[in-house]
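Reviewing the structure listed below.
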There are 2 protein chains.
Amino acid sequence: MIRLMDVACRLSACLALACALAACGSVPAGRDAGQPGAVAVDPLPSWNDTAQKKAIVDFVRKTTTAGSADFVPPPERIAVFDDDGTLWIEQPAYVQFVFALQRLQALAPQHPEWRSQEPYRSALAGNMAGVFAKNGEANAMKLIMATHAGMSSDQFAVQARDWLASARDKRFGRTYPELVYQPMLEVLSYMRANGFKTFIVSGGGVEFMRGFAERAYGIPPEQVIGSSIKYQYTEVAGQPTLMRIGKVENVDDGPGKPITIQRVIGRRPVAAFGNSDGDLQMLRWTTSGKGARLGVIIHHTDAAREYAYDRTSKVGRLDKALDAAPGNGWIVVDMKRDWNRMFPGN
Amino acid sequence: MIRLMDVACRLSACLALACALAACGSVPAGRDAGQPGAVAVDPLPSWNDTAQKKAIVDFVRKTTTAGSADFVPPPERIAVFDDDGTLWIEQPAYVQFVFALQRLQALAPQHPEWRSQEPYRSALAGNMAGVFAKNGEANAMKLIMATHAGMSSDQFAVQARDWLASARDKRFGRTYPELVYQPMLEVLSYMRANGFKTFIVSGGGVEFMRGFAERAYGIPPEQVIGSSIKYQYTEVAGQPTLMRIGKVENVDDGPGKPITIQRVIGRRPVAAFGNSDGDLQMLRWTTSGKGARLGVIIHHTDAAREYAYDRTSKVGRLDKALDAAPGNGWIVVDMKRDWNRMFPGN
C-alpha cells in the first residue's frame, strides 16, 4: 500500500498540469563511441568553468588514474542517474503523466463509460482539480492503470516509442527526448569514455524510459532501472506473451532506489546524480561507501532557459536533499550559473 | 502465496539430501578477454564434434557475420543461462540449500530454542524427512529465512562468499565454484568473444550467485538475475544499510523467468540455455522471437562423471521441456555423448 501511495503521490504533484501538446523531429545522438583521452579536449564544453565542473572532472581523473590512491577498478565504475529533472525535463508535469493523459484521450472512444465515470471524466475534460479533489491518489493510480496496463509488453513498447517520437512540449515546441540536458549528455559520454557503466535509476516506468533512453542517452534497456508494473506470462495463439496487469510491482523512488540498485546492479555505485528528495537515499547509499565517491544534485535555478524550483515544488521537490548536501559533500549544480547550454542544439 | 510455494517446492525437492561437506582451493578463471577470430582455433574444445556443437557454432557464426540474413546487431546479442544444472552442479541438492543447512548449523549456538523447535530441530539433526513430514513448504521457507534474512546485504554477501570459497562437495571433494561445467565456460567465453552479453537467469538467490559468478563465469553482478528477498532501507549508526527481511520479493523460476528478463533486461534474448522444466517458459520466450534464435537444453546423462537424471528427479526435473524440445527446435545436449570434459581441470 505504501508503494502504491508513493506512485500516486508522484502523480498528484501534477495537479497544475497544462497538458496541451503538439508533434516533431529527430533526437540527439547520445551513444558515446569513446573519446581519446587527449588533455586538450574539454569533455564538458557545456559546463562553465566553475567548482562544480572541476569536482566532476577531478573525480573521474582520480578514480581512473592507475596508481592513484582513489583508483576504482573498471568493473566497479558504476554511475547512476535519476531521469526526471536530472537527465531530462520534468516540468510542468512528469512527462510520463502527460503521456498517460494523452493515452487516455486516445483510448476514450473505446470507453464510452468514461464519459460518466470519475476520475476519467475529469481527466478527459482536463479538469485535474476534479481528479484530485477526492481520493486523489487512488484516482491517479486508476488513470495510470487505464493507460499502462491491459496490453502486452511489446504493445506498450510501441505505444511509448510512438508517442515519444511525436508528442511535443508546449513551451519549447520540441519532442520530449529533445528536452534532455546537453551538459548531462556530456557527463554520460565522459564517464563512459572513462570506463564507467551508466545506469538510469528513476521513479519513472522502466518500459516507458526504455522507449527513448538508448537513442537519447546511449543507455541500453538493461541499464534502465525504474518503477514497474506486474507482468503475467501467458501463451496467446501459441505465442508466449507478457501481459501488463493492473498492479504495481516496484516503485523505484526514495528508499526504493538503493533497494532496486542492490537487487538489479548488485554493486554499490561510486557516483550518483539526482535532483530531488526522491534521490536522497540513492545519494546517501552511494556516497557512504568506502573510497572516492561522487554525489551530485542538479538544482533547477534557470527560469529563463528552463524552470526554477526547489523546496515548494509539487514536481521534483528538492528540500531535504538540498539541506543534506553540504554535510554529505555532494556537489550542488546551479543550472543557471554552471551550464552554458541547456538542450542539444540550442 | 504461489511464489512462496514455488520456492518451497524447489526446496522440498531436496528431501534426500546428504549434507556432509568439507573445505578447499582456487576457482577457475571464467572472464573472457576476447579471442581473435582465427578460424583454426576451436572455441569449444571440450565439446565433441556432434550436431549439438555444430548447432551452437553455426548460430554464433550466422548471427555475427555482417551481411548474413540472420545477422543480429551487437546490442541485441543477449544470451541467458540458467545456473543450477546448466552452468554448475545441482545434485544431490541445490547448492544453495546445502548452504542454508550449513548456515543453520553455524547459527545454532545463538539459537538454543532451535533444539526444541521444528523444523530447526530436525534440520539440525540432519533429519530431512522430519522437516518435510508436515507443512514441508512452510518449513523449508522457515529454514531459508532463518539463514538468508535478518542481516544486511553486505553481511550476507560476506557469508555467501566465504562459504563458497571453503565448503566442498562430498563426492568430488571440490568447492562448488569448481564444479562448474567446463564446456559451458567455453560457451560463455565464445559467445562473449562474439559480442554477446551473457546473463544468468536462475531460480537461485541473486545475492548468493553473485558470490561466485564473476570469478567462476566472468559474469558481473549486474548480469546476474535470480530470486530475491525483500530489502528494507535503514540508517544504522548513521550508515545507510539494506536489511534483508524475511519476505520473498521475486521467484525467478518457470514463468517468472521471462517476466524477470523483461523487467531487468528489457530485451528478448536471442539465445537461452537451461536444463529443467523451470526453464521451459524462458526457452519459449526466447525462441519464439523473430529472426535466428537458439534454445539449448543440457540433459544430464552421465552418471559416471556427474549424474544422470531427468523426468522423475526431484531436483532439476526435466520432463515437459524435454517433450517440447523437438517442436521448438531446441538443441538437446547429451552430456555423456557431447562433452569430453566435465569440470575445469579434469
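Structure values in brief
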| read-out | value |
| --- | --- |
| Nonlocal amide H pairs with B:Arg174, under 5 Å, H built at 1.01 Å | B:Asp169 |
| Dipole of the range A:286-346, positive direction: furthest Cα of A:Val333, A:Leu294, A:Val315, with charges on the beta-carbon | A:Leu294 |
| Extended-chain gain in nm, criterion 0.36 nm per residue less alpha-carbon gap, B:Val158 and B:Glu118 | 11.6 nm |
| Per-residue average of Cβ from other chains inside 10 Å of B:240-252 | 2 |
| For chain A, built as a Gaussian network whose Cα springs stay under 10 Å, the top-fluctuating residue of A:Ser116, A:Ser166, A:Ser228 | A:Ser116 |
| Sequence-distant residues sharing a close amide H with B:Asp252 (under 5 Å, placed H) | B:Ser227, B:Ser228 |
| Beta bridge orientation in the range B:2-338: antiparallel %, DSSP, nearest 5 | 45 percent |
| Shortest-first nm distances, A:Gln105 label point to equivalent points in other copies (7 Å, Cα→Cβ) | 6.8 |
| Alpha carbon centroid spacing (whole Å) that separates the range A:235-294 from the range B:65-83 | 27 Å |
| Within the protein assembly as shown: Cβ-based charge dipole about Cα centre, in debye rounded to nearest 20 (Lys, Arg +1; Asp, Glu -1) | 260 debye |
| Simple label model, 7 Å out from Cα along Cβ direction - A:Asp302 to A:Ala138, nm | 4.4 nm |
| Alpha-carbon radius of gyration plus Dmax, which is the widest Cα pair, for the protein assembly as shown in Å | 25.9, 75 |
| Listed residue (B:Tyr120, B:Leu107, B:Ala165) projecting farthest to the positive dipole end of the range B:2-338, Cβ model | B:Tyr120 |
| 18 Å reach of a label modelled at B:Lys247, 7 Å along Cα-to-Cβ, counting backbone N of the range A:246-261 | A:247-261 |
| For B:320-326, mean number of other protein chain Cβ atoms within 10 Å | 0 |
| Calculated SAXS-style log₁₀ I(q)/I(0) at q = 0.07, 0.12, 0.15 Å⁻¹ - the range B:2-338, Debye, Cα scatterers | -0.29, -0.84, -1.30 |
| At 7 Å out from Cα toward Cβ: B:Asp70 inter-copy label distances (nm, ascending) | 5.0 |
| Förster radius 51 Å - calculated FRET efficiency between A:Arg337 and B:Asp70 (Cβ-Cβ, nearest 0.05) | 0.45 |
| Amide H partners (placed H, <5 Å) of B:Ile331, local residues excluded | B:Gly295, B:Val296, B:Ile297 |
| At 7 Å out from Cα toward Cβ: A:Ala303 inter-copy label distances (nm, ascending) | 8.2 |
| Axis proximity, chain B to A: residue whose C-beta lies nearest, plus whole-Å distance | B:Val264, 3 |
| Residue-span extension gain [A:Asp319 to A:Val41] - 0.36 nm each, minus C-alpha spacing | 96.5 nm |
| Test item: Cα-centred dipole of the range B:2-338, Lys/Arg +1 and Asp/Glu -1 on Cβ, debye | 240 debye |
| Shape call, the range A:130-171: gyration tensor on alpha carbons, a/c limit 1.5 | oblate |
| Footprinting exposure proxy for A:Lys247, A:Lys290, A:Lys230 (fewest neighbouring C-beta atoms within 10 Å first) | A:Lys290, A:Lys247, A:Lys230 |
| Under-19-angstrom lysine pairs by C-alpha in the range B:2-338, whenever the two are 8 or more apart or on separate chains | 15 |
| Potential extension, A:Gln239-A:Ser288 segment - 0.36 nm per residue separation minus Cα distance | 13.0 nm |
| Centre separation in Å (Cα based) which lies between the range B:43-63 and the range B:123-157 | 41 Å |
| Charge dipole magnitude, Cβ of K and R +1, D and E -1 - the range B:114-222, Cα centre, debye nearest 20 | 320 debye |
| Sorted by Cβ density within 10 Å, fewest first, the residues B:Ile245, B:Ile144 | B:Ile245, B:Ile144 |
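Read the figures in this text as sums done on the coordinates, not as results from a lab. All of these numbers come straight from a predicted model, not from anything done at the bench. Heads up, the Cβs are rebuilt from the backbone with ideal geometry, glycines too, and the neighbour counts pull from every protein chain shown.
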